[in-house]
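A short write-up of the structure that comes next.
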Amino acid sequence: MQIYLPIAEVSVNAFLLLGLGGLVGILSGMFGVGGGFLMTPLLFFIGIPPAVAVATEANQIVASSFSGVLAHFRRRTVDIKMGLVLQAGGLLGAALGVVVFNHLKQMGQVDLLVKLCYVVFLGVVGGLMFIESLNALRKSRKSGGAPAARRQRSWVHALPFKMRFRTSGLYISVIPPILVGVAVGILAAIMGVGGGFIMVPAMIYILGMPTKVVVGTSLFQIILVTAFTTMLHATTNFTVDIVLAVLLLVGGVVGAQIGTRIGTYLKAEQLRILLALMVLLVCGKLGLELLIQPDELFSLGVAGGH
């Protein structure tokens, strides 16, 4: 069933979009990521313009993250206080990111920048996470399945403006969470992602949060930041396609509930290594598209554009 997307100006199969939304929703519930790192490139692959994909995907992330976080609230695995601190940084980062996005769009370089950002970030984060997860899995097997002790990061504990986060069992400075939030907010605006693929490793390895609390808190933080990003894109760029967003939303909400249940049956190390493999797979596909010569060496654009 073909459906016309008015802002993207292309026709796409509605069931394909529902299926993609459901797949990304499952990932959202399992890993605590918004799923944008996977969905946005998938939208590129089916012909959605990058500017529209970035702005609209932020909308879908809100729904899938909200659906997933409800399940985590019921299990009391959300650190609300930490989530609010991360959100404060995220809102600032999102505002900065939209300014950069608008400037690049005027220069005509936004499509290339978005794809290059994906290749660089996904390659670095996926590689580091894969290596660390393999090491953690080996240590877990050697210790008879006992969870590996978390390393204390002295530089984080030495910073001022400390705050107690009871759900996470931490007493650390608010500066690192705010900086992590700013970085994720910028990524949300430029790349159309919730930033979970950066947020989850940062919360575990920089802030020292327990893995069981990280997933729910990450989803909680993602909701407000991506909602704010969507609003800014809709009012400044006019690149949010409502028809596309609704189809992705429906699939994402259902998928997130399924993913949350699947996640309870896997160990933390297994979840991280699966997420790393997903990240590297998408990175490889995007990198090949940038390197391989396209079939058609021209593109249609507005007269006088770049």
Shape category assigned to segment 94-134 from the gyration tensor of Cα positions, a/c cut at 1.5 = oblate
Förster radius 35 Å - calculated FRET efficiency between PHE73 and PHE161 (Cβ-Cβ, nearest 0.05) = 0.80
Per residue value of the accessible surface for segment 4-102 (all protein chains in place, 1.4 Å probe), Å² | 32 Å²
Take the Cα atoms of segment 64-135, build their convex hull, and give its volume per residue in Å³.
-> 139 Å³
Which FRET efficiency value, to the nearest 0.05, do you get for LEU16 and LEU84 by plugging their Cβ-Cβ distance into 1/(1 + (r/R0)^6) with R0 = 30 Å?
-> 0.20
May I ask which of LYS139/LYS212; LYS142/LYS212; LYS139/LYS162 have a Cα-Cα span longer than 29 Å here?
-> LYS139/LYS162
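The values are calculated or read from the model by the stated rules, or taken from the named source; none is laboratory data. Remember, it's a predicted structure, so these values are computed and weren't measured experimentally. Cβ coordinates were reconstructed from backbone atoms using ideal geometry, including for glycine residues, and neighbour counts include every protein chain displayed. For the accessible areas, the whole protein counts, side chains as well, though only heavy atoms, and no ligand, DNA or RNA atoms are used. Shrake-Rupley method; radii C 1.70, N 1.55, O 1.52, S 1.80 Å.
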